[in-house]
Amino acid sequence: GSSMVVPIVRGSPYITVEYSGVAAAVGSEQMLQPADDGSPTPNITVDGVGVVCDGARTFSGSVFALDLLQSDSTWRVFSDPETRWRCHASPFLLTAVSGRATTIRVALANSCRTGTELLLLFPSPSQI
């Protein structure tokens, strides 16, 4: 069957999510911060390189950094580099579309000053 397990470890700086039979997804009701380069579409950083978050392109990498607009928070998502992802900017949604995203880790890198810090971890909406 399909499952999503979130083992809780006191004091861990990460949230680890283990997916089985479903694709990984990370999202928020918030939208991404506008891109620093002036482009009209917000982006995230993948292994240190900006990637447009337009809902069309797919990409892969090990470390994803994203800044949410309403909360002014920065998050890091750690993934198997073989996994391909697709990103939507508003509301923010990062979805595994292929590969081996059986486990991801998520960490709050910069806490918010202006709103809520909520980031949601769930199976891909296309598989719910």
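The values are calculated or read from the model by the stated rules, or taken from the named source; none is laboratory data. Everything numeric in this text was worked out from a predicted model, so none of it was measured. Just the protein is used for accessible areas: all its heavy atoms, side chains included, with ligands, DNA and RNA removed. Shrake-Rupley method; radii C 1.70, N 1.55, O 1.52, S 1.80 Å.
For the range 1-67, the per residue solvent-accessible surface stands at 55 Å², with DNA, RNA and ligands left out and a 1.4 Å probe. Listed values for the range 82-89 are Karplus-derived 3J(HN,Hα) couplings in whole Hz (6.51 cos²θ - 1.76 cosθ + 1.60, θ = phi - 60°), namely 7, 7, 9, 10, 10, 10, 10, 7, and x replaces Gly and Pro.
For the range 19-24, the Karplus equation 6.51 cos²θ - 1.76 cosθ + 1.60, evaluated at θ = phi - 60°, returns couplings of 9, 9, x, 9, 7, 6 Hz by residue, with Gly and Pro reported as x.
Backbone amide hydrogens, once placed in the peptide plane, bring Val22 within less than 5 Å of Ser3, excluding anything fewer than 5 places away on its chain.
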